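See below for the structure under consideration.
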Amino acid sequence: MNVANVCSGNGTCISPSTCQCNQGYYGNNCQNYNCGGVLYSNSTVCSKNGTCVSPNVCNCNNGYYGPQCQFYNCYGVLYSNSSVCSTNGTCISPDTCSCNNGAYGGKQCEYNICYGFLSNDTTKVCNGQGICYGPNMCLCNPGYVGNTCLPMCFGLPSTSPSVCSNRNGTCTAFDTCTCKNGFYGSQCEAYNCYGQLYNSSSVCSTNGTCTAPNTCSCNSGYYGQQCDAYRCNNVVFNSTLTCTGNGTCIAPNTCVCKSGYFNSYCQNWQCNGYNNTNNIGCSTNGTCISPNTCNCNNGYYGNACQFYDCFGFLYNNSTVCNNKNGSCVSPNVCSCSNGYTGPQCQFPICFGYSSNDSRVCAGRGNCVLPNTCECNAGYVGSTSSSICIPTCYGYNASDPLVCSNKNGTCALYNSCNCTNGFYGLQCEAYNCYGQLYNSSSVCSTNGSCVAPNTCNCNSGYYGSSCQNYNCYGRVFSSSLVCSGNGTCTAPNTCSCNSGYYGQQCESYKCYGIVYNTSSVCSNRNGTCVAPDTCSLMFVQI
């Protein structure tokens with residue numbers, strides 16, 4: 001055992017586990033002691049300013065003194081002295097002053113503070129233009145005013161919005177304006193716009209106000225840095241198109257027109273007394289392109305485009321359009337009179353065909369005047385659409401008797417084109433079912449052949465060839481015709497067999513007695529079944 005450490009070195013071990021502590025020490029192992037009544041290990045011991053090293057013995061931190069390290073000084077003055085820290089602060093630790101309320105500064109709070117600057121900072125405190133004689137209290141030099149001794153410039157404080165000509169500069173010292181770029185003069189009242197004084201009559205091209213250095217506020221209608229540009233009808237003044245190219249744009253929307261031009265933008269002029277917007281000035285045959293100058297359409301000429309030709313003749317010449325067969329209505333355009341056609345109205349029209357058409361006058365003559373044909377030999381004229389019609393055997397083609405009463409068409413001179421079924425030079429012949437129309441046996445001798453295969457039957461006959469007829473409702477060829485007792489030889493004409501008589505051969509006799517009388521065949525001992533033929537009746541006995 002280390003004897004030095006027994007009883008914490010602070011007492012004598014007088015018996016087992018029994019220490020007799022030195023004066024001021026206590027505890028089982030003499031491990032505890034106090035300084036000023038405070039346990040050595042307590043955080044507040046020695047006034048927090050030192051270490052309790054033995055009973056009532058404090059080892060003070062630097063700058064502290066006293067039995068319990070409870071004293072310290074600020075720059076030689078006890079911390080609790082009323083004059084410590086220049087009476088302007090609190091001594092909070094050795095040579096450490098906490099100055100009052102931010103109003104004082106310096107190590108010993110010996111300096112006033114004016115608006116953030118120590119009173120000994122003469123270049124900055126009170127703006128360098130006064131004495132800081134108390135917290136935020138400046139005594140200003142002449143020409144300086146306000147809490148911080150700001151300068152006056154020509155009667156206005158530097159904070160005034162009007163100072164240095166409405167803050168064209170900064171009032172940096174008494175009656176001293178430091179001008180912004182572009183401003184000049186003692187009060188920064190002067191400035192230029194592009195080399196001219198702001199109030200010059202010619203500044204901003206006389207078209208605006210110079211409101212700041214090289215800054216023009218242009219009058220209405222003007223623009224550009226120097227207000228030197230403007231427009232007329234939205235076209236820039238120096239364009240070749242301004243004022244419609246017919247004048248000079250002297251101010252916004254103000255044109256001075258060249259001679260002959262007029263209206264707001266020189267957009268109008270006249271040709272021969274009429275506005276350019278109306279082509280009447282150029283006879284509607286051209287365009288009025290400048291005062292009294294017409295640009296004529298192709299084919300027109302004259303100062304008002306009033307003249308034009310048709311195929312080498314002036315429009316109003318008596319020989320124009322083939323001796324006035326029409327009117328010359330535009331260059332080389334003839335409007336033909338009724339009955340004429342062709343570019344120069346040189347062709348008469350006959351019944352719908354031009355004289356140069358191969359179909360005119362039916363191709364059988366010449367159209368010499370409107371609807372007037374001069375027909376070739378063998379053809380004659382007509383007022384119908386068939387002109388220069390042919391003649392056939394003494395009749396013209398439109399005569400109802402031509403070609404045997406229109407049994408054909410007279411197509412060429414003495415040439416009949418027969419209708420189907422007709423034949424002969426004049427279409428005079430035709431057949432009915434293989435027989436010539438005038439044959440004695442045609443139409444079964446019972447009618448007339450009136451047209452090809454067309455029989456007009458005599459009364460009582462019928463059929464395509466008049467070959468049929470009836471006797472009392474039965475066709476002549478029926479086995480029952482004429483009561484089966486004769487032959488139907490003509491309509492309703494029976495030729496009765498021997499022994500029969502009556503219109504329909506319906507009657508006969510047996511031995512002089514009519515077949516249906518009660519006395520026939522010996523009083524009906526039989527039946528009269530045919531002439532003189534009794535069929536006996538047999539009676540069973």
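The values are calculated or read from the model by the stated rules, or taken from the named source; none is laboratory data. Just so you know, these numbers come straight off a predicted model, no measurement behind them. Cβ sites come from the backbone with ideal geometry, for glycine too, and all protein chains shown count toward neighbours. Please note that ligands, DNA and RNA were not included when accessible areas were found on the heavy atoms of the full protein model with its side chains. Shrake-Rupley method; radii C 1.70, N 1.55, O 1.52, S 1.80 Å.
Out of the residues in region 501-541 meeting the condition of being open to solvent by 50 Å² or more (accessible area, probe 1.4 Å) and of a type in the set (F, W, Y), tell me which one is nearest to Y461 (Cα to Cα).
Ranking the candidates gives Y501 first.
Answer yes or no: is there a residue in region 373-386 that is within 30 Å of F311 (Cα to Cα), out of contact with any helix residue (DSSP H, G or I) (no Cβ under 6 Å at 6 or more places or on another chain), modelled with pLDDT of 85 or more and open to solvent by 70 Å² or more (accessible area, probe 1.4 Å).
Yes, because at least one residue in region 373-386 is within 30 Å of F311 (Cα to Cα), out of contact with any helix residue (DSSP H, G or I) (no Cβ under 6 Å at 6 or more places or on another chain), modelled with pLDDT of 85 or more and open to solvent by 70 Å² or more (accessible area, probe 1.4 Å).
Which members of region 434-463 meet the condition of being under 18 Å from A490 (Cβ atoms), of a type in the set (S, T, N, Q) and open to solvent by less than 50 Å² (accessible area, probe 1.4 Å)?
Within region 434-463, S441, S444, N446 meet the criteria.
In region 154-270, which strands (runs of 3 or more DSSP E) lie fully inside it and hold 1 or more residues that are under 30 Å from T293 (Cβ atoms)?
Numbers: elements: 169-173, 176-179, 190-193, 208-212, 215-218, 229-232, 247-251, 254-257.
Of the strands (runs of 3 or more DSSP E) lying wholly inside region 154-270, those with at least 1 residues that are under 30 Å from T293 (Cβ atoms) span 229-232, 247-251, 254-257.
Got a sec? Which of N317, N396, N303 is open to solvent by less than 60 Å² (accessible area, probe 1.4 Å), without any contact (Cβ under 8 Å) to a residue 60 or more places away in the chain, out of contact with any Gly (no Cβ under 9 Å at 6 or more places or on another chain) and under 30 Å from N278 (Cα atoms)?
Values: N396 fails: under 30 Å from N278 (Cα atoms); N303 fails: open to solvent by less than 60 Å² (accessible area, probe 1.4 Å).
Every option except N317 fails the conditions.
Filter region 112-129 for residues that are in a loop (DSSP other than H, G, I, E, B) and small (G, A, S); which is nearest to Y75 (Cα to Cα)? Even if it seems obvious, please write down each step before you answer.
Quick first cut of region 112-129, residues in a loop (DSSP other than H, G, I, E, B) only: 115-116, 119-124, 129.
Now restrict to residues that are small (G, A, S): 116, 119.
Details: G116: 25, S119: 20 Å.
So, considering only residues that are in a loop (DSSP other than H, G, I, E, B) and small (G, A, S), the one nearest to Y75 (Cα to Cα) is S119.
So that you can scan it fast, the table gives a plain yes or no per residue for (1) touching a residue at least 24 places away in the same chain (Cβ under 8 Å); (2) open to solvent by 80 Å² or more (accessible area, probe 1.4 Å); (3) in contact with a Ser or Thr (Cβ under 8 Å, 6 or more places away or on another chain):
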site: G247; (1), (2), (3): no, no, no
site: S264; (1), (2), (3): yes, no, no
site: T277; (1), (2), (3): no, yes, no
site: G286; (1), (2), (3): no, no, no
site: I289; (1), (2), (3): no, yes, no
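Please indicate, with yes or no, whether at least one residue in region 30-49 is within 30 Å of Y104 (Cβ to Cβ) and open to solvent by less than 40 Å² (accessible area, probe 1.4 Å). If you could, list the steps in order and put the result at the bottom.
Step one: filter region 30-49 for residues within 30 Å of Y104 (Cβ to Cβ), giving 47-49.
Cutting the leftovers down to open to solvent by less than 40 Å² (accessible area, probe 1.4 Å) gives us 49.
Looking through region 30-49, at least one residue is within 30 Å of Y104 (Cβ to Cβ) and open to solvent by less than 40 Å² (accessible area, probe 1.4 Å).
Tell me, please, whether a residue that is at pLDDT 95 or above, open to solvent by 60 Å² or more (accessible area, probe 1.4 Å) and over 30 Å from Y194 (Cβ atoms) can be found in region 223-234.
no
Residue by residue through region 136-153, note down the ones that are assigned to a loop (DSSP other than H, G, I, E, B) and not β-branched (V, I, T).
The answer is N136, N141, P142, G143, G146, N147, C149.
Quick check on region 392-412: of everything there that is farther than 24 Å from S354 by Cα and hydroxyl-bearing (S, T, Y), which residue is farthest from the chain's Cα centre (by Cα)?
The qualifying residue farthest from the chain's Cα centre (by Cα) is Y393.
Mind checking whether some residue in region 28-41 is part of a helix (DSSP H, G or I), under 20 Å from F71 (Cβ atoms) and aliphatic (A, V, I, L, M)?
First, the residues of region 28-41 that are part of a helix (DSSP H, G or I): none.
No, that holds for no residue.
Tell me which residues, restricted to region 112-143, are polar (S, T, N, Q) and buried (at least 19 other Cβ atoms within 10 Å of the Cβ).
Matches in region 112-143: N112, S119, N127, Q129.
Among the hydrophobic types (A, V, I, L, M, F, W, C), crowded, with 20+ Cβ neighbours inside 10 Å and not in a loop (DSSP other than H, G, I, E, B): is that true of C109 in this structure? Full working, then the answer.
Details: among the hydrophobic types (A, V, I, L, M, F, W, C): yes; crowded, with 20+ Cβ neighbours inside 10 Å: yes; not in a loop (DSSP other than H, G, I, E, B): no.
Answer is no for this residue.
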